[in-house]
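Taking it in order: structure first as structure tokens, then the write-up.
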Amino acid sequence: RIDSSGRLLIASNTSRTIWGANPQTQIEKLDSNAALSIIRNSNTNAGPWLALCKSRGTSNGAVTIVQDGDSLGSIDWFGADGGDLANVSAEIKVEIDGTPGSNDLPGRMIFKTTADGAASPTERLRIDSDGDVLFGHTSSIGSGKLQVFTKTADALDILSFDDTAADGGRLTFYRNRNTTYGSNTKVADDDS
């Protein structure tokens, strides 16, 4: 069915509100066929793809440049809480991570989950435009390519792995941001 607002309703004749929005395409079924599949048959190494696109334009067809921090799209998971479908249980989001320009679109990928008892998700992991992987924090401290942060009421622990150092890599452990409790300035310098 295509309703009076131009929504495509598949296997249902009533549109649903999700997260305050009324999506333009909806599939609602009572069995495992409540699914969307994209299949590509070709004698190449290419597979099917899904495009989520963003412009700051104000009309269809616009290509107005996006800005640092803009969301390019997200995949969100919702569950009925007995009253509605308005709360996110988990989310994967992509945002602009720097100053974009012609053929230059720096991005970051953010992974969020919602804690038990909470109504909205919290960022748990980020991969930024430099390729740094951050657990428990939203910005890099130092030059570690993999940084793990654990917060307590009175302290901040940081475990940082940096494979870009000239001497073969560094493993550093911090406590309270300013004090280094352990640092190995040469983890390994061979590839064996």
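The values are calculated or read from the model by the stated rules, or taken from the named source; none is laboratory data. The structure presented is a predicted model; accordingly, all values stated were derived computationally and were not measured. Glycine gets a Cβ as well: all are built from the backbone with ideal geometry, and neighbour counts include every protein chain shown. SASA here: full protein model, heavy atoms, side chains in, ligands and nucleic acids out. Shrake-Rupley method; radii C 1.70, N 1.55, O 1.52, S 1.80 Å.
General remarks:
Per-residue answers, yes or no, for (1) under 29 Å from Arg56 (Cβ atoms); (2) of a type in the set (Ser, Thr, Tyr); (3) in contact with a helix residue (DSSP H, G or I) (Cβ under 7 Å, 6 or more places away or on another chain):
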{"residue": "Asp70", "(1), (2), (3)": "yes, no, no"}
{"residue": "Ile92", "(1), (2), (3)": "yes, no, no"}
{"residue": "Phe111", "(1), (2), (3)": "yes, no, no"}
{"residue": "Ser120", "(1), (2), (3)": "yes, yes, no"}
{"residue": "Gly136", "(1), (2), (3)": "no, no, no"}
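- Filter pass, Arg40 being touching a Ser or Thr at 6+ places or on another chain (Cβ under 8 Å), basic (Lys, Arg), open to solvent by 50 Å² or more (accessible area, probe 1.4 Å) and assigned to a loop (DSSP other than H, G, I, E, B): no
- Members of the stretch 18-30 found to be assigned to a loop (DSSP other than H, G, I, E, B), open to solvent by less than 80 Å² (accessible area, probe 1.4 Å) and farther than 14 Å from Asp76 by Cβ, listed by number: Asn22, Glu28
- For beta carbons closer than 6 Å, sequence separation of 6+ or different chains, a first residue in the stretch 40-62 that is over 16 Å from Leu105 (Cβ atoms) and a second that is open to solvent by 100 Å² or more (accessible area, probe 1.4 Å) and of a type outside the set (Phe, Trp, Tyr), the qualifying pairs are Gly47/Arg40; Pro48/Arg40.
- Residues that are closer than 29 Å to Ser37 by Cα and open to solvent by 80 Å² or more (accessible area, probe 1.4 Å) were ranked within the stretch 50-60; the one that is nearest to the chain's Cα centre (by Cα) is Leu52.
- Residues within the stretch 1-15 that are surrounded by 10 or more Cβ atoms within 10 Å (Cβ to Cβ) and in contact with a Leu (Cβ under 7 Å, 6 or more places away or on another chain), tallied: 3
- For the stretch 96-132, the candidate set comprises residues that are of a type in the set (A, V, I, L, M) and part of a loop (DSSP other than H, G, I, E, B); within that set, the residue that is most open to solvent (accessible area, probe 1.4 Å) is Leu105.
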